[in-house]
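J.: Questions regarding the structure given below will be posed in turn.
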Ligand code: 13P
């Protein structure tokens, strides 16, 4: 049985002070939870402070991006070693917002996953189709292309997949549990055909996850957790998502 994994993706939200305020409120709400892996991913600037407050807790820390070179003249970028020294264990890569606003291709995402793993960071790789692609019945084709491009020459050690249909992100239009399970089952099928250890890889669902819908999504056999945006910004709502994701 794969252990549930609930990750927050705060995107470009919260100052350092707001991050500390969240963490101080969140820790007591989930302190006894050992059957769900939890992660928060604040913006870069808050990582180091967050790590200090999370030390010794059951909550892990992740970044939302990394650059694909070790160091050098790359103004404004952040390296894997910097994330490690800030206290991160994970990095979210290939999010659709990175693909859309920052022109990240599967090739770029592949380089980022590679350098993250090489440096000892775990990667949460995001894939997902647009509404148009779904309506044109190209969903599986799009997922296959993203998986084969982003995972080229990689084994699955240290990789979690997040299925995030673009039409469900920030829209309040959650995929039904059947839609999520269908996509996850397809992703796992692709992994079985192309990689070792497909059955132990966790596949998270992302897109308008809330305390109200998470238990239903988690009741599906292929849904191993969630990547949560909006509903992860409040400590009680995110804690409730974690609690409601526990296996019965
Ligand atoms: P929302 O939960 O706000 O829909 O965002 C999902 C997401 O993009 C997480 O990475």
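J.: How large are Rg and Dmax for the stretch 134-248 when calculated on the C-alpha trace, in angstrom?
T.: 14.2, 40
J.: Still on this structure, I have one more. Per residue, how much space in cubic angstrom lies within the convex hull of the C-alpha atoms of the stretch 117-199?
T.: 100
J.: Hey, another quick one. Among 77-85, 28-36, what's the highest-first ranking by average C-beta atoms within 10 angstrom per residue? Don't skip to the answer; put the middle values down first.
T.: Numbers: 77-85: 17.7, 28-36: 13.6.
My ranking of the peptides, most packed first, is 77-85, 28-36.
J.: Could you check how many percent of all C-alpha pairs in the chain are farther apart than 34 Å?
T.: Counting every Cα pair in the chain, those more than 34 Å apart make up 10 percent.
J.: Using per-residue counts of other Cβ atoms within 10 Å, averaged over each peptide, order 54-65, 115-126 from highest down.
T.: 115-126, 54-65
J.: Before rounding to the nearest 500, sum -39500 (n - 2.57) across all DSSP H runs of length at least 4 in the chain and divide by the residue total; then give [θ] at 222 nm in deg cm²/dmol. Don't skip to the end; give the middle numbers.
T.: Numbers: 10 runs with 101 residues, N = 248.
So the helix-based figure for the chain works out to -12000 deg cm²/dmol.
J.: Beta carbons within 10 angstrom, averaged per residue: use that to sort the peptides 99-107, 152-160, highest first.
T.: Those peptides, ordered most packed to least, come out 152-160, 99-107.
J.: Related question: Relative contact order (percent) for the stretch 98-233, with alpha-carbon contacts under 8 angstrom and 6 or more residues of separation?
T.: Computed over the stretch 98-233, the figure is 23 percent.
J.: Here is a further query. Just to be sure I understand: of the beta bridges DSSP finds with both ends in the chain, what percent are antiparallel, rounded to 5?
T.: 0
J.: Further, regarding this structure: So what is the relative contact order of the stretch 117-178, in percent, for Cα pairs below 8 Å that sit 6 or more residues apart? Intermediate results must be reported in sequence, preceding the final value.
T.: Working: 55 pairs, mean separation 29.1, N = 62.
For the stretch 117-178, the relative contact order is 47 percent.
J.: Separate question: In percent, how large is the relative contact order of the chain, given Cα pairs closer than 8 Å and 6 or more residues apart? All intermediate terms of the calculation are to be shown ahead of the outcome.
T.: Working: 475 pairs, mean separation 53.6, N = 248.
Averaging sequence separation for qualifying contacts and normalising by length gives 22 percent for the chain.
J.: Seen from all sides and averaged, what is the projected area of the convex hull of the Cα atoms in the stretch 45-95, in nm²?
T.: Values: hull surface 15.4 nm².
If you wrap the Cα atoms of the stretch 45-95 in a convex hull and average its projections, you get 3.8 nm².
Bear in mind these aren't lab numbers, they're just calculated from the coordinates by the rules spelled out. All values reported here derive from a predicted model rather than from experimental measurement. Here the Cβ is made from the backbone with ideal geometry for all residues, glycine too, and neighbour counts use every protein chain on show.
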